[in-house]
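Read through the structure below, which is laid out as structure tokens, and then see the notes.
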Amino acid sequence: MVDLESEVPPLPPRYRFRDLLLGDQGWQNDDRVQVEFYMNENTFKERLKLFFIKNQRSSLRIRLFNFSLKLLSCLLYIIRVLLENPSQGNEWSHIFWVNRSLPLWGLQVSVALISLFETILLGYLSYKGNIWEQILRIPFILEIINAVPFIISIFWPSLRNLFVPVFLNCWLAKHALENMINDLHRAIQRTQSAMFNQVLILISTLLCLIFTCICGIQHLERIGKKLNLFDSLYFCIVTFSTVGFGDVTPETWSSKLFVVAMICVALVVLPIQFEQLAYLWMERQKSGGNYSRHRAQTEKHVVLCVSSLKIDLLMDFLNEFYAHPRLQDYYVVILCPTEMDVQVRRVLQIPMWSQRVIYLQGSALKDQDLLRAKMDDAEACFILSSRCEVDRTSSDHQTILRAWAVKDFAPNCPLYVQILKPENKFHIKFADHVVCEEEFKYAMLALNCICPATSTLITLLVHTSRGQCVCLCCREGQQSPEQWQKMYGRCSGNEVYHIVLEESTFFAEYEGKSFTYASFHAHKKFGVCLIGVRREDNKNILLNPGPRYIMNSTDICFYINITKEENSAFKNQDQQRKSNVSRSFYHGPSRLPVHSIIASMGTVAIDLQDTSCRSASGPTLSLPTEGSKEIRRPSIAPVLEVADTSSIQTCDLLSDQSEDETTPDEEMSSNLEYAKGYPPYSPYIGSSPTFCHLLHEKVPFCCLRLDKSCQHNYYEDAKAYGFKNKLIIVAAETAGNGLYNFIVPLRAYYRPKKELNPIVLLLDNPLDDLLRCGVTFAANMVVVDKESTMSAEEDYMADAKTIVNVQTLFRLFSSLSIITELTHPANMRFMQFRAKDCYSLALSKLEKKERERGSNLAFMFRLPFAAGRVFSISMLDTLLYQSFVKDYMISITRLLLGLDTTPGSGFLCSMKITADDLWIRTYARLYQKLCSSTGDVPIGIYRTESQKLTTSESQISISVEEWEDTKDSKEQGHHRSNHRNSTSSDQSDHPLLRRKSMQWARRLSRKGPKHSGKTAEKITQQRLNLYRRSERQELAELVKNRMKHLGLSTVGYDEMNDHQSTLSYILINPSPDTRIELNDVVYLIRPDPLAYLPNSEPSRRNSICNVTGQDSREETQL
């Protein structure tokens, strides 16, 4: 080892400390040669060129010095004119000779020498082989004219007083200024300076013209009026402004000729400058200019990045973004690569938006455009995908690149990204909030098949409506005469809000109590619906964690209400009794108490009654039985402050509640077919694993074709399979990965096996395929918008194919429940279109009135949307916009739709009110019953009502239908007529009455001209009712004949059963005193069954409710 170390050569001199102190003495003996490399030729000319021209900073200094010399020469000329005494006489010698003092002459000679030397040097450095090109340049000629006479006067003293037009140096100063500004922009790397340069050139040109005219006229008038500089300035301003007072005019022909020449020059030069300036101004208006750094640092702004900006997208964003009070001072900077649309330009010129919205034409992939938008100072960046393109994957790729570019340029800017395809989500996992369109779309379509109108429920929750307005008349539907529209519009104003429990008036008193206890009593007392919580130290939101969850003071509570608690005023019962203002708020057939109406408003909450549990001897809501009025129906158990293990109806995941009702053979076959677990494969990265029903064995691919037989089965249509439950048909263009989010909610673990519906995917929908896949006995048919039609030349025509196809299905299969997705919400009015339906026309007028009043949900009263049979995924764009203020909205929506599953969090489901449940009577009692028995939290009601027709119309329609339908028996006719009214039942037993009513209807239809306009319209409607049944019969015969041709059975095809005479709507968080009706569907958030595990330790109960809980709990079952 010693020998090896001794062989190591010593360090070079430059690395030794001794040589560093004593100097590099050994470097001279080194054989190495130091070589210097130059980017340019190492010649004297190249070094001068590098200093004077190429180097930006040194060139800028040289041009600044040259500009100062020219200004100094002009200043010396003005000083010479002011110091000169006006000479008497009109001799021409006064034009060629002036009085110039010796010091002034010395200064002008010095300036001329320096300027001429600099000009010759720059000409030599920029010489490229053509000497005449350098000599004949205008700046070089002017320099020769202004400098050479002074240099000659050095050698010829008699020429010291020779007149030299030094004032022409102003044009050389203008030329130096332009070069200096260009070098300045290059040095500081300033962008978008064309407008500034053009304005500067225009101003400098105008000043040079005026200064030249002033000095020229003053000098030429030395033999005339002897004008001074001020009089010359006055004359030039009056002349160039085309005023021409005439009090100061030139006298000599030379000065007049000079004025003519200057006016001609101005008429040629100035219009060219103005034209270039106007062109740049128009181009800047198109590109949008810049968002200044000063504004970005003193004001708050957000950036909206889109591929193409449409008027609907813009208005949805602006209306939803500025609906929140704390965002009124924010600015919106739109960054779009395309030119501004005409409609968008017209909207942005409105004063309300012109002061808030700034449009910039540019790309998010360019740092210069991101710098223009001041992305690094933005509060947030919204990146939206273009859903109108045929290739949605390509649209996602563009969105991903924009997100990457913004994250690279401004890492601290929060990102709100909209993506179309779920398989592209993992590329933007770094974004703060992401909304995947296909995930939400298919999940809502699936839940619509389980819980009716889920899409409408979610849409109303994530939209900001006028329900927050304190004035009742300002809300949607309050001007309508229809009672259901008033209730529907009032409840549509409910949104999701949050507050810390210890800071809340709604929930502070429930600290240490169970979640269901807090939810029920908060709704009972204040009319708010507590749906979820989040621990302070946990990021996961829990929807209805169940009665075992104990509320903590630091918990964040999520609740549904008309407005947030901070905007609510609280009054006690005595104050409310003295107030008579709110008594006229409700004018319905069944007048409700005043306190419940105000509680549903959300702006005033009243402490009406004690929230403690009642004793067993207290009054209870009950209905007498049919046998005896003295026997009461069972009462409802109180909601316990702390849950008892025995009081909760638990659900075992390994078993099924429906299996108890099946026979042993059915139970054995069911267990062999299904198992519960997680899907073994995920269709894309980022999908949330969901516990659901699975098959024990994978089905061969050949068996997935329903219309083709294979070696495993010989079935060729859905009827042959013998499904026990009705089908769910999905009509889509392609089978994408988003269908995973449609199947999983329908196969969720909490759904009983006996309720699992077969799912049929229909990639094309001609009539034959529809009949083979079982459309005649399907429970629901889901029609997904076709991607190939989204790129129509006219935007709103993108839904044309879908609308016409759905209308055909609606006419052929009137009893089929069709759920449709559209691209544009405005096209909802064409769903189930009836051209001469008076009720639809009235709804159209109502929609227009609501839109004029500024409603964001003007289409909400359309019957298909209110019933949940149509929705547009573009309505969920507001979910992304609301996330800026409510960062929890995306998480809550994903939990409601089942896209995410959090341990301990509940799920959305529904229950239907039957005749056995009507004893509960009110929504408050239903709330109590659910909280005390199963721990469910209701959040709304889906109600179906029959449309009211006039007596004559309904009587004629029913009589004609029964007269034409001679194939039905009297019992069927009697049963169907009793379901409608008593008049038609009498006619069904007497053919003579039916025949007379038919004759009377025909005579009525022939007497049209004798009646007034309203009567004629009424008769037209009656005639339409007369012929409607025959048209439906014709369509039914068409379907039956086609089924017979395909060899399909026509049994079960009921062409007469339709839903045209009913309307459905949603009541979100209705008031506690709202009466429940038959066939109401109640939306529930059910606790996670995994949270109900056996607990050996008994939970403590409320001392007041200890006795009443056990007695009433065993008696009541909903």
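The values are calculated or read from the model by the stated rules, or taken from the named source; none is laboratory data. Because the structure is predicted, anything quoted here is derived from the model rather than measured. Reconstructed Cβ throughout: ideal geometry from the backbone, glycine too, with neighbour counts over all protein chains shown. Surface accessibility is based on the protein's heavy atoms, side chains included, excluding ligands, DNA and RNA. Shrake-Rupley method; radii C 1.70, N 1.55, O 1.52, S 1.80 Å.
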Any chance S872 is under 27 Å from L384 (Cα atoms), without any contact (Cβ under 8 Å) to a residue 60 or more places away in the chain and within 24 Å of the chain's Cα centre (by Cα)
yes
Looking at segment 506-546 only, could you name the residues that are of a type in the set (G, A, S), part of a loop (DSSP other than H, G, I, E, B) and over 35 Å from the mean Cα position of the chain (by Cα)?
G512
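If you check S395 against the conditions, is it outside any strand (DSSP E or B), under 30 Å from E423 (Cβ atoms), within 17 Å of the chain's Cα centre (by Cα) and in contact (Cβ under 8 Å) with a residue 12 or more places away in the chain? Working first, answer last.
Working: outside any strand (DSSP E or B): yes; under 30 Å from E423 (Cβ atoms): yes; within 17 Å of the chain's Cα centre (by Cα): yes; in contact (Cβ under 8 Å) with a residue 12 or more places away in the chain: yes.
Yes; evaluated as a whole, the condition is true for this residue.
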Neighbours by Cβ (under 9 Å, 6+ apart or cross-chain): first from segment 320-332, farther than 18 Å from T464 by Cα; second exposed (fewer than 10 other Cβ atoms within 10 Å of the Cβ) and polar (S, T, N, Q):
Y331/Q355
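Taking only segment 804-833 into account, find how many residues are small (G, A, S), more than 22 Å from T459 (Cα to Cα) and open to solvent by 20 Å² or more (accessible area, probe 1.4 Å). Spell out the reasoning first.
Let us first name the residues in segment 804-833 that are small (G, A, S), namely 814-815, 817, 826.
Now narrow it down to the ones that are more than 22 Å from T459 (Cα to Cα): 814-815.
Then drop every residue that is not open to solvent by 20 Å² or more (accessible area, probe 1.4 Å), which leaves 815.
Residues meeting the conditions: 1.
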Out of the residues in segment 733-766 meeting the condition of being open to solvent by less than 40 Å² (accessible area, probe 1.4 Å) and assigned to a strand (DSSP E or B), tell me which one is farthest from H693 (Cα to Cα).
L762
Please go through (1) open to solvent by less than 20 Å² (accessible area, probe 1.4 Å); (2) out of contact with any helix residue (DSSP H, G or I) (no Cβ under 7 Å at 6 or more places or on another chain); (3) at pLDDT 90 or above for R372 and return the number of the only condition it doesn't satisfy.
(3)
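Checking the condition surrounded by 14 or more Cβ atoms within 10 Å (Cβ to Cβ), of a type in the set (A, V, I, L, M, F, W, C) and more than 20 Å from G216 (Cβ to Cβ), which residue from L69, L162 passes? I'd like the intermediate steps shown before the answer.
Numbers: L162 fails: more than 20 Å from G216 (Cβ to Cβ).
That would be L69, the only listed residue that is surrounded by 14 or more Cβ atoms within 10 Å (Cβ to Cβ), of a type in the set (A, V, I, L, M, F, W, C) and more than 20 Å from G216 (Cβ to Cβ).
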Restricting to segment 398-410, name every residue that is open to solvent by 50 Å² or more (accessible area, probe 1.4 Å), in contact (Cβ under 8 Å) with a residue 40 or more places away in the chain and either more than 21 Å from K310 (Cβ to Cβ) or touching a His at 6+ places or on another chain (Cβ under 8 Å) (or both).
F409
Checked segment 894-946 for anything assigned to a loop (DSSP other than H, G, I, E, B) and under 35 Å from the mean Cα position of the chain (by Cα); matches are G898, L899, D900, T901, T902, P903, G904, S905, G906, D936
Scan segment 345-353 and tell me whether some residue there is open to solvent by 70 Å² or more (accessible area, probe 1.4 Å), within 20 Å of A323 (Cα to Cα) and in a helix (DSSP H, G or I).
yes
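In the set L113, L104, which member is touching a residue at least 12 places away in the same chain (Cβ under 8 Å), in a helix (DSSP H, G or I) and open to solvent by less than 70 Å² (accessible area, probe 1.4 Å)?
Numbers: L113 fails: open to solvent by less than 70 Å² (accessible area, probe 1.4 Å).
None of the other options fit; the residue is L104.
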Does segment 224-256 hold any residues that are polar (S, T, N, Q), free of Cβ contacts under 8 Å to residues at least 24 places away in the same chain and farther than 20 Å from L82 by Cα, and which are they?
S241, T242, T249
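Conditions tested, residue by residue: (1) modelled with pLDDT under 85; (2) open to solvent by less than 10 Å² (accessible area, probe 1.4 Å).
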residue	(1), (2)
D795	yes, no
A835	yes, no
E847	yes, no
P864	no, no
G868	no, yes
So how many residues does segment 303-343 have that are of a type in the set (F, W, Y) and open to solvent by 60 Å² or more (accessible area, probe 1.4 Å)?
0
Condition test on S682, is it closer than 29 Å to C436 by Cα and polar (S, T, N, Q)?
yes
Does K845 meet the test of being without any contact (Cβ under 8 Å) to a residue 24 or more places away in the chain and either under 21 Å from V496 (Cα atoms) or part of a helix (DSSP H, G or I) (or both)?
yes
E178 vs (1) open to solvent by 30 Å² or more (accessible area, probe 1.4 Å); (2) modelled with pLDDT under 85; (3) under 28 Å from V238 (Cα atoms): all pass except (3)
Using the structure shown, decide if L168 is at pLDDT 85 or above, over 57 Å from the mean Cα position of the chain (by Cα) and aliphatic (A, V, I, L, M).
yes
Taking the stated definitions as given, is R851 at pLDDT below 75 and in a helix (DSSP H, G or I)?
yes
Scan segment 295-329 for residues that are of a type in the set (S, T, N, Q) and not in a helix (DSSP H, G or I) and jot them down.
S307, S308, Q328
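When segment 473-497 is examined, which residues are found to be in a loop (DSSP other than H, G, I, E, B) and modelled with pLDDT of 85 or more?
Matches in segment 473-497: S492, G493, N494.
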Of the residues that sit in segment 711-732 and are in contact with a helix residue (DSSP H, G or I) (Cβ under 6 Å, 6 or more places away or on another chain) and at pLDDT below 80, which one is least open to solvent (accessible area, probe 1.4 Å)?
D717
